[in-house]
Amino acid sequence: MSAINPGTDPIPDATEDAAALVLAAFVTAIQEHGAVLAGEPIRTPELDVQLLRGDTEPSADGRFGWTLTGANGAEVPVRIPGAPLDIVIGRAALARGDGSTAPMLYVCGHPNWWPYAVTRATGDLTSS
């Protein structure tokens, strides 16, 4: 676990299928908070990689990219962890008393745990 920013470490055994399930739950959550999407999320493979600390080239870290487009025209890039939903939401970590081990989602390039990612994406997709 990264001592500087827990939750940003690479995700072992990540899969795109797991990320797609997390994305579906994420879209439902932001819609429940008032976001209105203009169509389906667009798979954006170039978001699958990022420049990790100490690297000179971007590398995959177990997160998969999509672009969400709001009814307001905003395009919000998201990087979704390819881990089971309970792990991403942090339920498993909270049950152990350590919510800081949940993998973060990236919204517009910023790492956020689940509830903050939902709030951030909703805000970006509803602002005018």
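Couple of notes before you dig in:
- The stretch 104-128 residues that are over 13 Å from residue 32 (Cα atoms), paired with ones that are part of a helix (DSSP H, G or I) (beta carbon under 6 Å, 6 or more apart): 105/117; 107/117; 107/120; 107/121; 112/120; 114/89
- Residues satisfying the stated conditions in the stretch 105-120, i.e. in contact with a Lys or Arg (Cβ under 8 Å, 6 or more places away or on another chain), of a type outside the set (Phe, Trp, Tyr) and either under 21 Å from residue 20 (Cβ atoms) or buried (at least 19 other Cβ atoms within 10 Å of the Cβ) (or both): 105, 107, 108, 112
- Residue match in the stretch 25-48 (condition: under 17 Å from residue 112 (Cα atoms), in contact with a strand residue (DSSP E or B) (Cβ under 7 Å, 6 or more places away or on another chain) and acidic (Asp, Glu)): yes
Here's the yes/no breakdown for (1) modelled with pLDDT of 95 or more; (2) in contact with a Phe, Trp or Tyr (Cβ under 7 Å, 6 or more places away or on another chain); (3) of a type in the set (Val, Ile, Thr):
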| position | (1), (2), (3) |
| --- | --- |
| 17 | yes, no, no |
| 22 | yes, no, yes |
| 27 | yes, no, yes |
| 32 | yes, no, no |
| 41 | yes, yes, no |
| 45 | no, no, no |
| 50 | no, no, no |
| 58 | no, no, no |
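- Candidates in the stretch 7-29 are the residues that are β-branched (Val, Ile, Thr) and part of a loop (DSSP other than H, G, I, E, B); of these, the one that is nearest to the chain's Cα centre (by Cα) is 8.
The values are calculated or read from the model by the stated rules, or taken from the named source; none is laboratory data. These numbers were taken from a predicted model, which means no experiment stands behind them. Here the Cβ is made from the backbone with ideal geometry for all residues, glycine too, and neighbour counts use every protein chain on show.
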